[in-house]
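Input: a single structure, listed below in structure tokens.
The values are calculated or read from the model by the stated rules, or taken from the named source; none is laboratory data. None of the values given here were measured: they were computed from a predicted structure. Heads up, the Cβs are rebuilt from the backbone with ideal geometry, glycines too, and the neighbour counts pull from every protein chain shown.
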Amino acid sequence: AAGVIQSPRHLIKEKRETATLKCYPIPRHDTVYWYQQGPGQDPQFLISFYEKMQSDKGSIPDRFSAQQFSDYHSELNMSSLELGDSALYFCASSSGWGTGELFFGEGSRLTVL
Amino acid sequence: RKEVEQDPGPFNVPEGATVAFNCTYSNSASQSFFWYRQDCRKEPKLLMSVYSSGNEDGRFTAQLNRASQYISLLIRDSKLSDSATYLCVVNGTNAGKSTFGDGTTLTVKP
């Protein structure tokens, strides 16, 4: 079965650069979530989208933005990168609002040098 | 206080042991509860949902206590392959996000 696809899997950037992560949810899933997981930490919620509209916002820095497109894929844009942005970024999708189970992609590992 | 708190761990147990994890949540209006499992450097995967009446899946039993606002996960007859980090996840009334606990790391040793 098709899973959540994230790209790129690995990304290396320098401070103050910009990065874009992409997420393709499971077909027919209309809700996308972005999480950031630092080393040894639990996943921290950044932002979510339901039916292409932002539905909830967590600890997402102002330097970051995201959107969900008409085909339900989502992109997380990160600007003015800082060393502390180095983390594993997970995208998850679900079917319907608030139905509970999240299906995670394998994550995009961002390293900022 | 964090919205979702878990036993700090780590738990190091021998094969065949029974181990229990607890998780407390602060939002009394929380609607749904889950246990996820995360292997090192991998994505979290749903282990089981937690229902008010309690539920069991093989060696795993999950329970919910709404009055005390905690959920638990019991693993019986631990296997080496159970070694992982177990994340407690809580959805609130505005379930646009799922809130994760810090995770409890379990290591099962031969």
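Once the range B:1-14 is narrowed to residues that are away from every other protein chain (no Cβ under 11 Å) and more than 11 Å from the chain's Cα centre (by Cα), the residue that is farthest from B:L73 (Cα to Cα) is B:R1.
Name the residue, out of B:F21, B:F34, that is within 14 Å of chain A (Cβ to nearest Cβ) and more than 24 Å from A:E106 (Cβ to Cβ).
Details: B:F34 fails: more than 24 Å from A:E106 (Cβ to Cβ).
Answer to the check: B:F21.
Annotation: of all residues in the range B:51-64 being modelled with pLDDT under 95 and charged (D, E, K, R), the one that is nearest to B:N22 (Cα to Cα) is B:E56. Going through A:L88, A:L21 one at a time, which residue ends up being more than 10 Å from every other protein chain (Cβ to nearest Cβ), touching a residue at least 40 places away in the same chain (Cβ under 8 Å) and buried (at least 18 other Cβ atoms within 10 Å of the Cβ)? It is A:L21. If you filter the range A:66-85 down to residues that are over 10 Å from the mean Cα position of the chain (by Cα) and among the hydroxyl-bearing types (S, T, Y), you find that the one that is farthest from the other protein chains (Cβ to nearest Cβ) is A:S80.
Within the range A:1-36, being touching an Asp or Glu at 6+ places or on another chain (Cβ under 6 Å) and outside any strand (DSSP E or B) holds for one residue alone: A:D30. Restricted to strands (runs of 3 or more DSSP E) entirely inside the range B:20-110, those with at least 2 residues that are of a type outside the set (S, T, Y) are B:32-38, B:45-50, B:55-57, B:60-65, B:70-75, B:84-91, B:104-109. Scan the range A:91-104 and give yes if some residue there is facing chain B (nearest Cβ under 9 Å), more than 16 Å from B:S98 (Cβ to Cβ), touching a residue at least 24 places away in the same chain (Cβ under 8 Å) and outside any strand (DSSP E or B), otherwise no. Within the range A:91-104, none of the residues are facing chain B (nearest Cβ under 9 Å), more than 16 Å from B:S98 (Cβ to Cβ), touching a residue at least 24 places away in the same chain (Cβ under 8 Å) and outside any strand (DSSP E or B). Residues in the range B:65-105 that are over 11 Å from the mean Cα position of the chain (by Cα), of a type outside the set (G, A, S) and at pLDDT 90 or above: 8 in all. Within the range B:65-83, the set of residues being free of Cβ contacts under 8 Å to residues at least 60 places away in the same chain and crowded, with 21+ Cβ neighbours inside 10 Å comprises B:I71, B:L73, B:I75. Taking the conditions (1) outside any strand (DSSP E or B); (2) within 13 Å of the chain's Cα centre (by Cα) in turn, B:A17 satisfies each one other than (2).
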